[in-house]
Amino acid sequence: MVEQAPSSSLAERERLFRKVRRRLIPFLVVCYFVAYIDRVNVGFAALGMNKDLGFTPLVYGWGAGIFFLGYFVFEVPSNVILDRLGARLWIARIMLTWGVISMCMALVRGASSFYVLRFLLGVAEAGFFPGMLLYLTYWFPADQRAKVVGLFMLANPISTVIGAPLSGALLGIEGFLGLKGWQWLFIIEGIPSLLLGLSVYFYLTDRPAHARWLAPEDRQTLERIMEDDRSRRQIQHRSWAQGLSNPRVLALGLIYFGACASNYGLSFWLPQIVKTFGVTNFQTGLIAALPYACGAAAMVFWGAHSDRTGERTGHVAFPLVLTSVCILVSSQIANPYWKMFLLCIAGLGIFAVLPPFWTLPTGLMTGAAAAASIALVNSIGNLSGFVAPYMIGWIKNSTDSYGLALAALAALPLIAMVAVLVLQHRTHPSTPNVAVPSP
């Protein structure tokens, strides 16, 4: 029988992590918020850009997705560098470079420049998200991680809840200084990345040992907790090569591919789907934000529930099924009200799966192996950001309908759900969870 810690110790522990959360999470959320807007605002820019530049659905789908090829190639090297140089310096570099390139998207003049700049944007942003996840493992142990990841990843749906109407409104700045609305969208939404990139260097603290904003005894306690957490990791590999070659890491990457596909498929195409309802650009932004508002609420609740119960596998599998079913049914419905209702329910699943999923790779390894494995899982998963938009564009171009495209998209999270159950069975056939049980 495991001895329970005294209630006074638990209270002190919670006080410490509440202080760390208050210091780090709001700032990290703002950074990720800006990152995700710069990644997917091309979906709203397309409402004007595609017409102005003569882009077909296939050209747009290829350009939207090529971001993730650059992201894939440079993700692992970027995270390994972050582990060596520290988050403060490397995250600042990432944000400054992607801010500049995002603003340069206003210079797109044809398909070639569109492809090149989207690819370079992926290269610039590579390492940001897995770097942030790695950074959180320096500060929060396994039993805190789903909740913390859920709070951090709130920026993902919130970026659309706020960014979608904002992007729709920015499209209305048509002709000012001779620029189109979609060009102003890229310029204005790229500026915050530059400002935050400068702030990161001065605000973030690389490791608990350097946290002058904590009392000395709190620093010592936090370091002791985190050292104990590292000793509990399932695989004590420390080299990046060991992290990349582990078959469970590859399996988790394939699961994340299916989990991300529905998110990216809708992020890049939902504005154009909503536009077919016969609404204005601003109304398109408001309507397209609804599934993400639902997802934001689900993310916090589901991550906290997973931590409370200590269960991971079911908390990953159920949202994947929910997402798949709702997208599939929505693909067969023409009524815009019912279609959006089902896509809102799909939004619950799309975002609820993320906090419990990320407890699996972040609880697997230590050292440079952790940096490499987290980056590899994320880079494989984010390849769906290339596959899903391109697949939808190709099907839409061939059939002149979004119905079959959405039906094809629905298959990917369902495949991921099956993979979760298979991995659980092969890894721990006699236990309910893939992840290490919460202490």
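Figures for the structure shown
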quantity	calculated
Condition broken by SER7, with the remaining ones in (1) modelled with pLDDT of 85 or more; (2) surrounded by fewer than 21 Cβ atoms within 10 Å (Cβ to Cβ) satisfied	(1)
Cβ-Cβ under 9 Å pairs, at least 6 apart or on other chains, the range 329-355 side in a helix (DSSP H, G or I), far side among the acidic types (Asp, Glu)	PRO355/ASP307
Selection status of ALA126, in contact with an Asp or Glu (Cβ under 7 Å, 6 or more places away or on another chain) and of a type in the set (A, V, I, L, M, F, W, C)	yes
Selection within the range 300-309 - of a type outside the set (Phe, Trp, Tyr), crowded, with 17+ Cβ neighbours inside 10 Å and at pLDDT 85 or above	HIS305, SER306
The range 37-54, residues that are crowded, with 20+ Cβ neighbours inside 10 Å and in contact with a Phe, Trp or Tyr (Cβ under 9 Å, 6 or more places away or on another chain)	ASP38, ARG39, VAL40, ASN41, VAL42, GLY43, PHE44, ALA45, ALA46, LEU47, MET49
Checking VAL116 against (1) surrounded by fewer than 21 Cβ atoms within 10 Å (Cβ to Cβ); (2) under 28 Å from GLU14 (Cα atoms), the condition it does not meet	(2)
Condition check for ALA146: within 25 Å of PRO271 (Cβ to Cβ) and either in contact with a helix residue (DSSP H, G or I) (Cβ under 8 Å, 6 or more places away or on another chain) or buried (at least 24 other Cβ atoms within 10 Å of the Cβ) (or both)	no
Helices (runs of 4 or more DSSP H) enclosed by the range 1-108 - at least 3 residues per element that are farther than 24 Å from GLY181 by Cα, in contact (Cβ under 8 Å) with a residue 60 or more places away in the chain and out of contact with any Lys or Arg (no Cβ under 6 Å at 6 or more places or on another chain)	7-40, 57-85, 87-104
Filter result (polar (S, T, N, Q) and assigned to a helix (DSSP H, G or I)) within the range 247-290	SER262, ASN263, SER267, GLN272, ASN281, GLN283, THR284
Helices (runs of 4 or more DSSP H) (entirely within the range 136-207) containing at least 2 residues that are over 23 Å from the mean Cα position of the chain (by Cα)	155-170, 181-203
Subset of the range 253-294 [farther than 18 Å from LEU170 by Cβ and of a type in the set (S, T, N, Q)]	SER262, ASN263, THR276
Where VAL40 falls short, out of the listed (1) at pLDDT 90 or above; (2) closer than 23 Å to ILE188 by Cβ; (3) aliphatic (A, V, I, L, M)	(1)
Filter result (surrounded by fewer than 24 Cβ atoms within 10 Å (Cβ to Cβ) and either modelled with pLDDT of 80 or more or not in a helix (DSSP H, G or I) (or both)) within the range 364-382	THR366, ILE380
Tabulated pairs, the range 169-195, first within 18 Å of SER159 (Cα to Cα), second hydroxyl-bearing (Ser, Thr, Tyr) and buried (at least 17 other Cβ atoms within 10 Å of the Cβ), C-beta under 8 angstrom, 6+ apart or interchain	LEU185/SER167; PHE186/SER102; GLU189/SER102; GLU189/SER167; GLY190/SER102; SER193/SER102
Matching option when the condition is at negative phi, free of Cβ contacts under 8 Å to residues at least 12 places away in the same chain and not in a loop (DSSP other than H, G, I, E, B), among ARG219, ARG212	ARG219
Set PHE114, PHE129: member being of a type in the set (Phe, Trp, Tyr), closer than 19 Å to ALA372 by Cβ and out of contact with any Pro (no Cβ under 8 Å at 6 or more places or on another chain)	PHE129
Single residue of VAL316, VAL325, VAL321 found to be modelled with pLDDT of 85 or more and either under 16 Å from MET153 (Cα atoms) or crowded, with 24+ Cβ neighbours inside 10 Å (or both)	VAL316
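The values are calculated or read from the model by the stated rules, or taken from the named source; none is laboratory data. As the structure is a prediction and not an experimental result, all values here were calculated from the model. FYI the Cβ positions are ideal-geometry reconstructions off the backbone, even for glycines, and counts take in every protein chain you see.
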